[in-house]
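Structure first, commentary second.
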2 protein chains.
Amino acid sequence: MKKGHQVTMKEIAKKLGVSVSTISRALKDSPELHPETKRKIVEMAKEMNYQPNLLAQSLRISRTKTLGVIVPEITSHFFASCISGIQDQANVRGYNVMICQSNEHLELEIANIKTLVASQVDALLISLSRETNHYEHLFELYNREIPFVLFDRVQEDIPVSKVTFNDVGGAYQVTKHLLEVGCKRVMYISGPEDLYISKKRKEGYLKALAEFGVAEDPSLIKVTDLTSEGNIAVAEEILQMKERPDGVFCMIDPVAVEVLIHWKSQGIKIPQDIALAGFTNNPTSAVIEPPLTTVSQPGYEMGKLAVSHLLDQLDGIASDDPISIVLETTLIPRQSTQISK
Amino acid sequence: MKKGHQVTMKEIAKKLGVSVSTISRALKDSPELHPETKRKIVEMAKEMNYQPNLLAQSLRISRTKTLGVIVPEITSHFFASCISGIQDQANVRGYNVMICQSNEHLELEIANIKTLVASQVDALLISLSRETNHYEHLFELYNREIPFVLFDRVQEDIPVSKVTFNDVGGAYQVTKHLLEVGCKRVMYISGPEDLYISKKRKEGYLKALAEFGVAEDPSLIKVTDLTSEGNIAVAEEILQMKERPDGVFCMIDPVAVEVLIHWKSQGIKIPQDIALAGFTNNPTSAVIEPPLTTVSQPGYEMGKLAVSHLLDQLDGIASDDPISIVLETTLIPRQSTQISK
DNA sequence: CTGTTAGCGCCTTCAA
DNA sequence: TTGAAGGCGCTAACAG
């Protein structure tokens, strides 16, 4: 199959017996042009169904008005929300968006960056993959002076703007909530320990404990690799403990969901035996039984803000100096922590 | 902020004292070239960190190796899966992807098409918005000979290839299942009646009834506008019926989920009082209480297949004659229809 | 084996 | 008020 022919300025020019530059001027409503000529050209363009070739335009002005986006996973509801916010805001500002997913692989992340750069996107928005443990590709972007921002999964040492959630605050809120409903032994189930959010949420967890005068207990911090098997293994491990926790805060909702299902299958009552909370506010968490207490992160807002700031920088409205934008999270208390005493 | 400069062939040429065409040839590994020259050029290109400008390349060869995708909603898990499949398969075949969402609006759908066409995508994959009730924009694409395929939300009269699920079959499966577990009065909750899937799933529903010798009963077909309010209104309506159904098949999972939640809040036991089933197999449906019987649609596979076929057509491997690819669905029986007698 | 030339579609001086 | 010329970065036919 071959693509049909697109009308070009040249053809309009020939048809009307004028030069291509006149067409160009007429179509961008240049004032220095006879109104009558302009009218005729605009009319003819419409009649011939002329559509400007963005490729040629971009090549000429060396700007594509396109942003590149890299996320770990499109199928994650959270990242889908971010993308949605990015797109909407980009469109508002007259930009298009090219989206790639890294599938949580460093290698793909690097390949995606390369593709997007080759496609001459004006700037990038990146959320790092779980595998990303070195950052040369990002420093290279920086050195090549290709504007970009990091969002959600960020790396602190890269000198670009970052948009994140107040992870410490969110984890603090939820831990505090567990303590307030009466939990005495609150556990934190963390993801891989080198992940940014693992660290930040642990920080919030410890902060709440400290505030309530509860001593840190290493046996009350478990680590999962975030796979289903890993999550369920941790859930089972907890059941085997001599002294079980009476409240558990999972770093992310999917872990909490799998723990909850496993425990229910073992006859554990939630929240009576163990209260359980997550973080992210996935759609699933609201409908599971019992509904899961969690912390909501406005992904759509995050996407919008990231684009706004990035374009402000591009347009010179905002300074090029990197800033850190921190979005607040909201505790969503549900039945999984509603201990009636 | 201004974007940093990108190295061009011209610069490599000047540095090495050869012509630009020689550079071009070396970089695409042309055989008619002195190996030594080639070596030097490739080396220098790497040293200068040369990256080809896809824009210029595309303009020259008038092919972008980019596909445009339009979906109603990225945040829907099903469409996210499709996108994921589209991207993966496109990458395998050396294509990039630009994604747009219509947010279920016809106007945005039209605007998206325009943008993607202006960006010179080689072809499009489109899933129609709910609002789309006329099809001039698609016929225009067709007339302009821009290759495209429709997937999931299709319109039958457009002479292009379509990828769909066997909706009739899926609805038949799930209705039959309800009848087999002992339901006597099976209801179908439909979406807006002009939607393709509303019609097709009704067809499957009726087919199963007929096969079981059950007469069609108009009072056992309800229509929702698919909003939360609409869904809950229908749920409540059913409770008010003198003769309630004992089994209900909802056109899509989200409807079933909202019905289920409303009924539970009213003290209805599922499946004992009324058995309930959906269609789509959203992640939510597996964790709700009771887990929802539904029909799974492999979105990722759909995306992959749509791209494969489209690119086969583009590459002349497949005929340009439109075909219809129909994917089979799978019944996922869960507790919401597990009536123990 | 390599350079010259021409042009993809568009925009923008510079002249007229 | 309009046209001619040059060039964005790259490829490809045509000469040598």
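The values are calculated or read from the model by the stated rules, or taken from the named source; none is laboratory data. What you are looking at is a predicted structure, and each value in this text was computed from that prediction instead of being measured. Cβ coordinates were reconstructed from backbone atoms using ideal geometry, including for glycine residues, and neighbour counts include every protein chain displayed.
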Of all residues in segment A:168-195 being within 28 Å of the chain's Cα centre (by Cα) and free of Cβ contacts under 8 Å to residues at least 60 places away in the same chain, the one that is nearest to A:Asp152 (Cα to Cα): A:Val168
Which listed residue, of A:Gln51, A:Gln89, is closer than 23 Å to A:Val307 by Cβ and either of a type outside the set (A, V, I, L, M, F, W, C) or away from chain B (no Cβ under 12 Å) (or both): A:Gln89
Selection status of A:Thr293, within 30 Å of A:His134 (Cα to Cα) and among the β-branched types (Val, Ile, Thr): no
Test result for A:Leu226, in contact with a Gly (Cβ under 6 Å, 6 or more places away or on another chain) and closer than 28 Å to A:Leu128 by Cα: yes
Single unsatisfied condition, B:Ser62 versus (1) within 8 Å of DNA strand C (Cβ to nearest atom); (2) more than 11 Å from chain A (Cβ to nearest Cβ); (3) of a type in the set (Ser, Thr, Tyr): (2)
Segments classed as strands (runs of 3 or more DSSP E), wholly inside segment A:20-129, with at least 1 members that are within 12 Å of DNA strand D (Cβ to nearest atom) and modelled with pLDDT of 95 or more: none
Total residues in segment A:45-89, condition surrounded by fewer than 18 Cβ atoms within 10 Å (Cβ to Cβ) and either among the polar types (S, T, N, Q) or touching a Leu at 6+ places or on another chain (Cβ under 7 Å) (or both): 5
Residue match in segment B:68-77 (condition: within 9 Å of another protein chain (Cβ to nearest Cβ), touching a Pro at 6+ places or on another chain (Cβ under 7 Å) and under 22 Å from B:Ala90 (Cβ atoms)): yes
Residue match in segment B:52-59 (condition: more than 16 Å from DNA strand C (Cβ to nearest atom), free of Cβ contacts under 8 Å to residues at least 60 places away in the same chain and polar (S, T, N, Q)): no
Helices (runs of 4 or more DSSP H) completely within segment B:245-320 that count 1 or more residues being farther than 22 Å from A:Leu260 by Cα: B:253-265, B:299-314
Candidates A:Leu150, A:Leu106, A:Leu125, A:Leu138 - the one that is surrounded by 23 or more Cβ atoms within 10 Å (Cβ to Cβ) and either over 16 Å from the mean Cα position of the chain (by Cα) or over 30 Å from A:Thr227 (Cα atoms) (or both): A:Leu138
Boolean, B:Glu11 is near DNA strand D (Cβ under 9 Å from one of its atoms), more than 14 Å from chain A (Cβ to nearest Cβ) and part of a helix (DSSP H, G or I): yes
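For (1) modelled with pLDDT under 95; (2) aromatic (Phe, Trp, Tyr); (3) in the same structural domain as B:Ile83 (by TED's automatic domain parsing), each residue gets a yes or a no:
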{"site": "B:Leu292", "(1), (2), (3)": "no, no, no"}
{"site": "B:Leu305", "(1), (2), (3)": "no, no, yes"}
{"site": "B:His309", "(1), (2), (3)": "no, no, yes"}
{"site": "B:Asp315", "(1), (2), (3)": "yes, no, yes"}
{"site": "B:Ala318", "(1), (2), (3)": "yes, no, yes"}
Every residue from segment B:206-224 that is among the small types (Gly, Ala, Ser) and over 19 Å from B:Val181 (Cβ atoms): B:Ala215, B:Ser219
Selected residue [within 14 Å of another protein chain (Cβ to nearest Cβ) and at negative phi] from A:Ser219, A:Ser296, A:Ser285, A:Ser324: A:Ser285
Those residues of segment B:170-226 which are buried (at least 19 other Cβ atoms within 10 Å of the Cβ), of a type in the set (Phe, Trp, Tyr) and outside any helix (DSSP H, G or I), in sequence order: B:Tyr188
Segment B:210-232 residues that are farther than 21 Å from B:His262 by Cα, paired with ones that are surrounded by 11 or more Cβ atoms within 10 Å (Cβ to Cβ) (beta carbon under 7 Å, 6 or more apart): B:Phe212/B:Leu179; B:Glu216/B:Leu206; B:Glu216/B:Leu209
Single condition B:Thr329 does not satisfy, out of (1) without any contact (Cβ under 8 Å) to a residue 40 or more places away in the chain; (2) surrounded by 20 or more Cβ atoms within 10 Å (Cβ to Cβ); (3) away from chain A (no Cβ under 13 Å); (4) of a type in the set (Ser, Thr, Tyr): (1)
Failed condition for B:Val117, given (1) surrounded by fewer than 22 Cβ atoms within 10 Å (Cβ to Cβ); (2) over 19 Å from A:Thr66 (Cβ atoms): (2)
Which listed residue is within 14 Å of another protein chain (Cβ to nearest Cβ), buried (at least 21 other Cβ atoms within 10 Å of the Cβ), modelled with pLDDT of 95 or more and more than 24 Å from B:Thr164 (Cβ to Cβ), from B:Val248, B:Val234, B:Val259: B:Val259
Some residue of segment B:139-149 being more than 10 Å from every other protein chain (Cβ to nearest Cβ), farther than 20 Å from B:Leu327 by Cβ and of a type outside the set (Gly, Ala, Ser): yes
Criterion (away from DNA strand C (no atom under 13 Å from the Cβ), within 27 Å of A:Leu150 (Cα to Cα) and more than 9 Å from chain B (Cβ to nearest Cβ)) met by exactly one of A:Gly94, A:Gly17: A:Gly94
